[in-house]
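Values quoted throughout were computed directly from the atomic coordinates according to the rules given, and no laboratory measurement underlies them. A quick note: this is a predicted structure, and the numbers were derived from the prediction, not measured. For neighbour counting, all protein chains shown are included, and Cβ atoms are generated from backbone atoms with ideal geometry for every residue, glycine included.
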Amino acid sequence: MNNSDAVGDRRRRFDQVVAVFHADMYRYAAWLCRDKAIAEDVVQDALLRAWKSLDALRDDAAAKQWLLTIVRRENARYFERRRLDTVDIDNLTASQSALLAEAPNEELTDLREAIYALDDDYREPLVLQVLMGYSTNEIAELMGLRQGAVLTRLHRARSKLRDGSAHEVNS
C-alpha cells in the first residue's frame, strides 16, 4: 500500500467516525461552554486533535465516547488559554439588544437558565444522561468518577432543578 492509499484510508475512517457523531460533539460542547460560537471553536479543535490521534482509537465502536472525551478536554483547554471578553448587557444599544432577542418561550428559557446555573459538577452528568443518552457507567468512565458519584451528582442536579436552587454553590 502506498502513502496516498494510507492517507485515503485514514481519511475515510475519520470521516466515517466523525460524520455519525459530529452533531453530538457540537451539542455537548454547546452545553459545556454555554456559547454556540465557542462550541464551534471547541469542536473544531477537537476534530483536529481527533485527526492527529486517530490511531489511538483502537475500536470504532468506542468512537462516540472517545470524541466526547476530546471535546470535554478541548473545552477545558479553550478556557485555560483564552481570556474571554465580557459585555455589560445592561448597556447595550438597541441594535445590540435586538441580536439577543429570540421567540420567547418562558418555560424553555427558565429550564435552560436553571441548567446553565447548575455547577459544572452537576450540569455535565445531567447533560450527558438526558441529552446525550449516556448510562451512568458511561458517564462515570467519561468523567473519571465512580458510578456512585455520578448517581449522587445526578440526584443533586435534579433536586436543585426541582427546588429551584440551581444557583446554590454547594449542597
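Observations, loosely collected:
- Considering only alpha-carbon pairs that sit under 8 angstrom and 6 or more positions apart, the relative contact order computed for the stretch 105-171 is 40 percent.
- With contacts taken as Cα pairs under 8 Å at a separation of at least 6 residues, the stretch 1-86 carries a relative contact order of 32 percent.
- A P(r) calculated from all alpha carbon pairs of the stretch 1-86, with 10 Å bins opening at zero, reads 17, 47, 25, 9, 2, 0 percent.
- With the simple spin-label model, which puts each label point 7 Å out from Cα in the Cβ direction, the N3 to L131 separation comes to 4.2 nm.
- The ellipsoid equivalent to the alpha-carbon distribution of the stretch 105-171 has semi-axes of 21, 13, 8 angstrom, derived from the gyration tensor eigenvalues as √(5λ) and listed largest first.
- Under 17 Å from K160, Cα to Cα: aspartates and glutamates that are on another chain or at least 8 residues apart: E107, D110, E113, D119, D120, D121, E124, E168
- Within straight-line cross-link reach of K64, aspartates and glutamates at Cα separation under 14 Å, skipping those fewer than 8 residues along the same chain: D15, D24, E138, E141
- By the count of other C-beta atoms within 10 Å, a proxy for reagent exposure, Y116, Y26 are ordered fewest to most as Y116, Y26.
- Summing Cβ point charges (Lys, Arg +1; Asp, Glu -1) relative to the Cα centre of the stretch 105-171 gives a dipole of roughly 260 debye.
- Separation in nanometres of the label points that stand 7 Å from Cα toward Cβ, at D59 and D41: 3.6
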